[in-house]
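Only one structure is covered here, and it is reproduced in the block below.
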Amino acid sequence: MDAAETSKAKIASLIQDWKSLSLSGFWCSPFVLKPMISFQTHFQAFDSDVMVATFPKCGTTWLKALTFSTLYRSQFSRGGIEHPLLNSTPHQLVHFLEIDVYMNNPFPDLENICVYKPRLFGTHVPYASLPTSIKDSKCKIVYICRNPMDMFISLWLFSNKLRGENQESLSPDKAFDMLCRGICMFGPFFDHALEYWNASQENPDKVLLLKYEDLKEDINSQLKRLAMFLGVPFNEDEEKQGVVAEIAKVCSFDKLRELEVNKKGVHISGIPHKDFFRKGKVGDWSNYLTPSMVERLEKLIHEKLDGSGLTF
Ligand code: A3P
């Protein structure tokens, strides 16, 4: 059997063996199952690869834009090619592996998918379930985490937008209860965040964990951290010329949301591009969560995160 046939056989047997999928311990919607298995079995990481890993609604779109702009800045900065973010959405420039690249093709041509080099991809897959070559190689992973309360509101409103006209909206109570029980795409949320957090503590050169709130508070210093981690630190000239601030600006919520490319069209997953941009604020949860919800979530945050070093 050649490599392609071996991969095909593995995929076929995994799809039949539902038990092995439940062992990976996270919730995966049926439409992602097959591409996810293809991703797990086919993808071979290079040491030079960069992965943007996130839990949904924690700032994926923003982190993709920032990582893309930082990593490739020498290729289109200052009078060179127009910035690609002006004409393509962050998700078109940094493709999700499981919900894009492998969606309709178990053996995609990864070289052609990444126009710029080194290769840069996105994923929502939990750390434990990433292909082993990602974990075993020197490829770098940037992860973004967000206060669970804001993540929940963003996720709940987003999920309701995705429901068809004939589908009833998910009530906040039901959605909240499901989230607290860990039932959501790629959930449980706390396991997802903790796995990447622990990996970042064990191997800080490989995994960098950023927080949405820190980016909001001081984007320049977080961008410098990101650039340093990626091995492309900003030099003195760049800092003097305002390159850091330029990247922050082109990736900002207000800038991206107003671009035609982000107002129109639909992502390969069927999600309208505009739905990736809602408010982009910290603390919006206070407009939605009841005191008893806050109490339950705070208790859960303590239960899950105390002693881990990860705080919100
Ligand atoms: P809100 O729903 O709270 O507004 P993801 O990209 O992981 O799907 O996360 C979406 C959340 O990030 C949404 O949060 C969205 O508005 C916000 N967001 C999108 N682009 C952003 C940007 N450039 N800066 C800050 N927040 C952004």
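The values are calculated or read from the model by the stated rules, or taken from the named source; none is laboratory data. Quick caveat: nothing in here was measured; it's all calculated off a predicted structure. Cβ atoms come from the backbone with ideal geometry, glycine included; neighbour counts cover every protein chain shown. We work out accessible area using only protein heavy atoms, side chains counted, and drop any ligands, DNA or RNA first. Shrake-Rupley method; radii C 1.70, N 1.55, O 1.52, S 1.80 Å.
Counting just the residues of segment 180-193 that are open to solvent by less than 30 Å² (accessible area, probe 1.4 Å) and hydrophobic (A, V, I, L, M, F, W, C), which one comes out modelled with the lowest pLDDT?
Cys184
For every residue, the table says whether it meets (1) modelled with pLDDT under 95; (2) open to solvent by less than 90 Å² (accessible area, probe 1.4 Å); (3) over 21 Å from Arg73 (Cα atoms).
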position	(1), (2), (3)
Cys251	no, yes, no
Glu258	no, no, yes
Val261	no, yes, no
His267	yes, yes, yes
Trp285	no, yes, yes
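Please determine whether any residue of segment 234-241 is within 14 Å of the ligand (Cβ to nearest atom), of a type outside the set (Ser, Thr, Tyr) and part of a helix (DSSP H, G or I).
So in segment 234-241, the residues within 14 Å of the ligand (Cβ to nearest atom) come out as none.
No, every residue in segment 234-241 fails to be within 14 Å of the ligand (Cβ to nearest atom), of a type outside the set (Ser, Thr, Tyr) and part of a helix (DSSP H, G or I).
Taking Gln92, is it open to solvent by 40 Å² or more (accessible area, probe 1.4 Å) and touching a His at 6+ places or on another chain (Cβ under 9 Å)? If you could, list the steps in order and put the result at the bottom.
On the way: open to solvent by 40 Å² or more (accessible area, probe 1.4 Å): yes; touching a His at 6+ places or on another chain (Cβ under 9 Å): yes.
Yes, satisfied.
Summed over segment 113-150, the residues that are within 20 Å of Cys28 (Cβ to Cβ) and part of a strand (DSSP E or B) give a count of 5.
Could you count how many residues in segment 190-216 are closer than 17 Å to Lys140 by Cβ and either out of contact with any helix residue (DSSP H, G or I) (no Cβ under 6 Å at 6 or more places or on another chain) or within 16 Å of the ligand (Cβ to nearest atom) (or both)?
12
A search for C-beta distances below 9 Å between a residue of segment 32-45 that is basic (Lys, Arg) and any residue that is open to solvent by 40 Å² or more (accessible area, probe 1.4 Å) and part of a helix (DSSP H, G or I), counting only pairs 6+ apart in sequence or on different chains, returns Lys34/Ile15.
State the number of residues belonging to segment 25-82 that are at negative phi, away from the ligand (no atom under 16 Å from the Cβ) and either assigned to a helix (DSSP H, G or I) or not hydroxyl-bearing (Ser, Thr, Tyr) (or both). Let's see the steps before the verdict.
If we filter segment 25-82 for residues that are at negative phi, which is where we start, we get 26-56, 58, 60-77, 80-82.
Applying the additional criterion that residues be away from the ligand (no atom under 16 Å from the Cβ) yields 26-28, 30-31, 33-50, 71-77, 80-82.
Remaining after also requiring either assigned to a helix (DSSP H, G or I) or not hydroxyl-bearing (Ser, Thr, Tyr) (or both): 26-28, 30-31, 33-47, 49-50, 71, 73-76, 80-82.
Of the residues in that region, 30 qualify.
The set of residues from segment 101-112 being in a helix (DSSP H, G or I) and either open to solvent by less than 50 Å² (accessible area, probe 1.4 Å) or basic (Lys, Arg) (or both) comprises Val101, Leu110. Only one entry in Pro188, Pro148 is under 16 Å from Met293 (Cβ atoms) and not hydrophobic (A, V, I, L, M, F, W, C), namely Pro148. As for segment 160-169, it holds no residue that is over 24 Å from Lys279 (Cβ atoms), of a type outside the set (A, V, I, L, M) and buried (at least 19 other Cβ atoms within 10 Å of the Cβ).
For segment 239-249, the criterion of being closer than 24 Å to Leu120 by Cα, in contact with a Lys or Arg (Cβ under 8 Å, 6 or more places away or on another chain) and free of Cβ contacts under 8 Å to residues at least 60 places away in the same chain is satisfied by at least one residue.
When only residues in segment 83-94 that are assigned to a loop (DSSP other than H, G, I, E, B) and within 16 Å of the ligand (Cβ to nearest atom) count, which is nearest to the chain's Cα centre (by Cα)? Taking the candidates together, the pick is Val94.
Taken together, the residues in segment 114-151 that are free of Cβ contacts under 8 Å to residues at least 60 places away in the same chain and under 18 Å from Lys211 (Cβ atoms) amount to 0. Of everything in segment 249-273 that is assigned to a helix (DSSP H, G or I) and more than 10 Å from the ligand (Cβ to nearest atom), the residue that is nearest to Cys58 (Cα to Cα) is His273.
Only a single criterion out of (1) in contact (Cβ under 8 Å) with a residue 40 or more places away in the chain; (2) more than 16 Å from the ligand (Cβ to nearest atom) is not satisfied by Glu295, namely (1).
In segment 157-180 there is at least one residue that is in contact (Cβ under 8 Å) with a residue 60 or more places away in the chain and away from the ligand (no atom under 16 Å from the Cβ).
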